[in-house]
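Trainee: Input: one structure, supplied below.
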């Protein structure tokens, strides 16, 4: 008789808690495990609604536990080939991501969005558009609501928009969205994935289970994705471009977003009707339009949702204007390419706040984007010296080091004059100084509101 009848959830964060709750509610045996020796069992239990029904194990993983485990559900914070997951696989135990678990228990139609940058804005807009047309819509994933938290609530009539990170894609198995989108691929998380080739492979794996009747929305201006779409992508491809007209695709032309997806030219909307800034956001709109058209949403409802959509928190989010200086929170700019888009969106001379956790990124291209935009750079965190060295090598010398966000906001307020801007767009992760980019952004906004 097979003793493997228990699920092991590795990681006691938000997604791990949600996965454990899902399994408990589904009548499965579940063990919530975390290797951290600093966590407290009672504190973890206090975050569980089904507190009495889920076993919690912290510290070393008992060897005699493995023969009882049928599947390990790994939280996205655990690298796909960490010693823990290698040990579990060596014992013959499948490893699933929480996305995989949620997909297996969920119902209805699924759209899945990935890419290095723009995922959250695009997913939020897809959700807003879908809600114009469908009654049962869920917006889940890396956007902040675990897919596992919503899975058991879904019906055959549900439509789910899921933001999917590379961390979550590492351990999918049967996950098959009806429509997928890869917005762009630029270097990021190389500290986790090791090589750019592996990062690309993981991102593109969002399509691995899609069939010829499914769709994938791709950025024509991304050379990696153009090759993938032309040579390897199994589902049907719909392209979007911020730089050229595309027969049969979506594109930007003379301040208008144009769709030719249905064989005829339609104006979706004009960019000056949108409440979000920058060409990258116009590309996000195009991707969202492509996804929602392939899910059957009429163009008039798409147009209404797009022109009423507000910027996502922490993504080039206008905070307030103080003494003629506009303050923007782009704390979600956690890599150089995302931070480039924020700099490009600025229409005033800008004091830029950057720096944070070291993800082994290169900052040269980001600094090259400063020309004509950034008047002064304020740096904090682990990467401050590396960024400063890269900036000076590019001839940019208006640099000040600050010890924390409070000092950064105070210094920025002194440096920026009327008609100028202050932008928090760190080009780095928040770890080491803040719990996450949300906390970093909230602290920035609170300090700006005190000015």
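Trainee: I need the Debye-formula profile for the stretch 100-308: one equal scatterer per C-alpha, no solvent, reported as log10 I(q)/I(0) at q = 0.15, 0.16, 0.19 1/Å, two decimals.
Mentor: The Debye formula, applied to the Cα set alone, gives -0.89, -1.02, -1.44.
Trainee: To the nearest Å, what is the center-to-center distance of the stretch 233-291 and the stretch 197-217, using C-alpha atoms only?
Mentor: 21
Trainee: Measuring from centroid to centroid over Cα atoms, what is the spacing of the stretch 107-153 and the stretch 310-389 in Å?
Mentor: 27
Trainee: For n ≥ 4 DSSP H runs only, could you compute -39500 (n - 2.57) per run for the chain, divide by its residues and tell me the 222 nm figure to the nearest 500?
Mentor: Value at 222 nm, helices only: -9500 deg cm²/dmol.
Trainee: Take every DSSP beta bridge with both residues inside the chain and express the antiparallel ones as a percent of the total, to the nearest 5.
Mentor: 20
Trainee: On to the next question. So what's the stretch 26-141 giving for Cα Rg divided by 2.2 N^0.38 Å, two decimals?
Mentor: That ratio works out to 1.31.
Trainee: Related question: Could you work out the Rg to Rh ratio of the stretch 95-224, with Rh taken as the Kirkwood radius (inverse of the mean 1/r over all Cα pairs)?
Mentor: Rounded to two decimals, Rg over Rh is 0.95.
Trainee: Over the Cα atoms of the stretch 234-336, Rg to Rh with Kirkwood Rh, two decimal places?
Mentor: With Rh from the inverse mean 1/r over Cα pairs, Rg/Rh is 1.03.
Trainee: What per residue convex hull volume, in Å³, do the alpha-carbon atoms of the chain yield?
Mentor: Cα convex hull per residue, to the nearest whole number: 156 Å³.
Trainee: Note the full-extension length gain between residue 82 and residue 5 as 0.36 nm times their separation in residues minus their Cα-Cα distance, in nm to one decimal.
Mentor: 25.3 nm
Trainee: For residue 401 and residue 70, compute 0.36 nm times the residue count separating them, minus their Cα-Cα distance, and round to one decimal in nm.
Mentor: So the chain would gain 114.0 nm between residue 401 and residue 70.
Trainee: Set the Förster distance to 30 Å, then compute FRET efficiency between residue 57 and residue 360 from the Cβ-Cβ distance, nearest 0.05.
Mentor: 0.40
Trainee: Against the globular-protein guess of 2.2 N^0.38 Å, express the Cα radius of gyration of the stretch 317-449 as a ratio, rounded to two decimals.
Mentor: In units of the 2.2 N^0.38 Å rule of thumb, it is 0.92.
Trainee: Also, I was wondering about something else. What distance in nm lies between label points placed 7 Å from Cα along the C-beta direction at residue 347 and residue 42?
Mentor: Result for the modelled spin labels: 5.6 nm.
Trainee: Could you work out the relative contact order of the chain? I mean the mean sequence separation of Cα pairs under 8 Å and 6+ apart, divided by the number of residues, in percent.
Mentor: Relative CO of the chain lands at 11 percent.
Trainee: How much of the DSSP bridge set in the stretch 297-396 is antiparallel, in percent, rounded to the nearest 5?
Mentor: Restricted to the stretch 297-396, the bridges split so that about 50 percent are antiparallel.
Trainee: Rg over Rh of the stretch 6-93, using C-alpha atoms and the Kirkwood radius, what does it come to?
Mentor: When Rh is taken as the Kirkwood radius, the ratio is 0.93.
Trainee: Relative contact order for the stretch 317-449 using alpha-carbon pairs under 8 Å, separation at least 6, rounded to a whole percent?
Mentor: 40
Trainee: Once the principal axes of the Cα atoms of the stretch 184-293 are found, what is the range along each, listed largest first in whole angstroms?
Mentor: 41, 32, 20
Trainee: Using label points projected 7 Å from each Cα along Cα→Cβ, tell me how many nm separate residue 264 and residue 91, to one decimal.
Mentor: Going by the 7 Å Cα→Cβ label model, 6.1 nm.
None of the figures in this text is laboratory data; all of them are computed from the coordinates on show. Computed from a predicted structure; not experimentally measured. Reconstructed Cβ throughout: ideal geometry from the backbone, glycine too, with neighbour counts over all protein chains shown.
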